[in-house]
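Enquirer: Could you have a look at this structure, given as structure tokens, before my questions?
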Amino acid sequence: MLKKTLITISTILLTCTLLYLTDLDDRLHYVTRSWANSAEQKIQNIWLDRYRQVGVERVLTGVRNNLSGITYCSENQRLYAIINSPTQILELTTNGELLRTIDLKGFEDTEAIVHLGNDRFAVLEERRHTLLIIGIDETTTSIDRKDAFSNLHIDLKERDNLGFEGLAYDSNEKIFYIVNEKNPRQIIAIKGWNGSFLSPQQIH
């Protein structure tokens, strides 16, 4: 009896570990939550199968792998893409043609970038859980981390590679939105940050 119990417990633990490592636990959670939604909620929600590709796909020149985020700069009609390893920012045309490579010195695991206006950009470091404000103008070829205008460390948990994955900025309301990958999965809203003031709200 004891042997069967131990085997059962071991099987359950192994199954749970495999589900966690393969992210199947997240998918099962998503399916369960989706199934539980009412018909009215399903109509109101935006489902992935409703998205449609507009135009043709483009291959970004100069990018082999590890492209983590991209933002559009309306001031010069260019794209700025960020790579997490090696830590770099690429300036591109809207057709995906590489114009410039900007090396990021001292940065680590750069996951996202967003344009703020007036040659200012916000960059997100996943492992360090840090949001930094940097400047990029027409002459910039490299940026040292210590030269960032501001940096904000959001101490949610120990360093790991399951942290910040996405970043957006509402220029009207002056709110940053940070997507935390998992443990916990959440969106963090940061309002009123000017380099010193922080008012975070965690949205589960």
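The values are calculated or read from the model by the stated rules, or taken from the named source; none is laboratory data. Predicted model only: the values in this text are computed from it and were never measured. Using ideal geometry, Cβ is built from the backbone for each residue, glycine included, and neighbour counts are taken over all protein chains shown. Heavy atoms of the whole protein, side chains included, go into the accessibility calculation; ligands, DNA and RNA do not. Shrake-Rupley method; radii C 1.70, N 1.55, O 1.52, S 1.80 Å.
Enquirer: In 10 Å bins starting at 0, how do the alpha-carbon pair distances of the stretch 76-125 split up by percent?
Expert: 26, 57, 17, 0
Enquirer: If you don't mind, another one. When only the heavy atoms of the protein chains count and the probe is 1.4 Å, how do Arg127, Arg52 rank by accessible area, highest first? Provide the component values of the computation, followed by the final result.
Expert: On the way: Arg127 85, Arg52 175 Å².
Result of the area sort, largest leading: Arg52, Arg127.
Enquirer: While we're here: Only Lys, Arg, Asp and Glu count, each charged at its Cβ (+1, +1, -1, -1), so figure out the dipole size of the stretch 113-157 about its Cα centre, rounded to 20 debye.
Expert: 260
Enquirer: With Rg and the Kirkwood Rh both taken from Cα atoms, where does Rg over Rh land for the stretch 48-111?
Expert: Numbers: Rg = 13.0 Å, Rh = 12.8 Å.
Over the Cα atoms of the stretch 48-111, Rg/Rh equals 1.02.
Enquirer: Shifting gears a bit: Accessible area of Tyr72, 1.4 Å probe, to the nearest 10 Å²?
Expert: 110
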